[in-house]
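The values are calculated or read from the model by the stated rules, or taken from the named source; none is laboratory data. It should be emphasised that the depicted structure is a prediction, and the values quoted were computed from it without experimental measurement. Because the Cβ atoms are built from the backbone with ideal geometry, glycine has one as well, and the counts that use them run over all protein chains shown. Just the protein is used for accessible areas: all its heavy atoms, side chains included, with ligands, DNA and RNA removed. Shrake-Rupley method; radii C 1.70, N 1.55, O 1.52, S 1.80 Å.
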Amino acid sequence: QKKWDPAEDGDCLYQAFYLYCTRLIAEGKRPKGIVVGSHDGVFGEWAPVVQANLTDACLVEASQPQFAKLVQNYQKYPNVKLINQLITTEGQDIEFFEGGQGYTNSVVEKVIRNWEPEEIKSSIRSSFSINDLIANYISSTERLDWLHLDVEGYDIELLRAIEEPLPAFIIFEEMHHDEQQ
């Protein structure tokens, strides 16, 4: 048996993220990052690095069913902060769409309608702004080292809303965005 290693077995994003965090540690810095759209935490470029305690992470998931699974999967990790909150550009009330068991969710209706064959439910939800999330997780003397977004068609909007400075390492999903964005 062989244990899966992100540096050897992962694709280029898994490898780059692993190397980025290990480099910061070698330089004497403890990396800190945020995942928005962490789902249940079973997969993602960030997951093996967080599980190996190579970074501190704030894992954010808007779906209650997925957040409950995330808590089960990560409650034992002291380097993790778990937040069940919808993140938007301004922290406004917004329509939130969820399909199936909450696995596919978004504030962008066309994305979920094109992706989810099961029943889709929507509700108006309060949200927290991306800048407030960052400010509440990172002290004024720190800098956010990395950001991972997987928010089904809303990634670019969140990135554009971030006030300077941007994290040095950002992974986001470009799928569901048109070329003009």
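How long are the semi-axes of the ellipsoid equivalent to the range 41-83, from square roots of 5 times the Cα gyration tensor eigenvalues, in whole Å, largest first? Semi-axes from the Cα gyration tensor: 16, 10, 9 Å. When you restrict to C-alpha pairs under 8 Å that are six or more residues apart and normalise by the size of the chain, the relative contact order lands at 20 percent.
In terms of the Cα gyration tensor, with a ≥ b ≥ c the square roots of its eigenvalues, is the range 110-157 rounded because a/c is under 1.5, prolate because a/b exceeds b/c, or oblate? Prolate. For the chain, the calculated P(r), taken from all Cα-Cα distances in 5 Å bins from zero up to the bin holding the longest distance, is 1, 8, 17, 20, 21, 17, 10, 5, 2, 0 percent. Note: relative contact order over the range 1-58, using C-alpha pairs below 8 Å and six or more positions apart, is 35 percent.
This model, with +1 at the C-beta of Lys and Arg and -1 at the C-beta of Asp and Glu, gives the range 24-181 a dipole about its Cα centre of some 720 debye. Modelled label-to-label distance, GLN72 and LYS2, 7 Å Cα→beta-carbon offset: nm? In this crude label model, GLN72 to LYS2 measures out at 3.0 nm.
The residues of the chain have, on average, 53 Å² of accessible surface per residue, using a 1.4 Å probe with all protein chains present. Remark: spin-label model distance GLU90-GLN15 equals 4.3 nm, labels positioned 7 Å along the Cα→Cβ axis.
Cross-link pairs exceeding 24 Å in C-alpha to C-alpha distance, out of LYS32/LYS69; LYS69/LYS121; LYS29/LYS81; LYS81/LYS121, comprise LYS81/LYS121. As a fraction of the 1.4 Å probe accessible area of the chain, surface on carbon and sulfur atoms comes out at 49 percent. Taking square-rooted eigenvalues a ≥ b ≥ c of the alpha carbon gyration tensor, is the range 1-41 rounded, prolate or oblate, where a/c under 1.5 means rounded and, failing that, a/b exceeding b/c means prolate? It is oblate, given that a/c is not under 1.5 and a/b is not larger than b/c. As a length-normalised measure over Cα pairs under 8 Å and 6 or more apart, the relative contact order of the range 85-145 settles at 42 percent.
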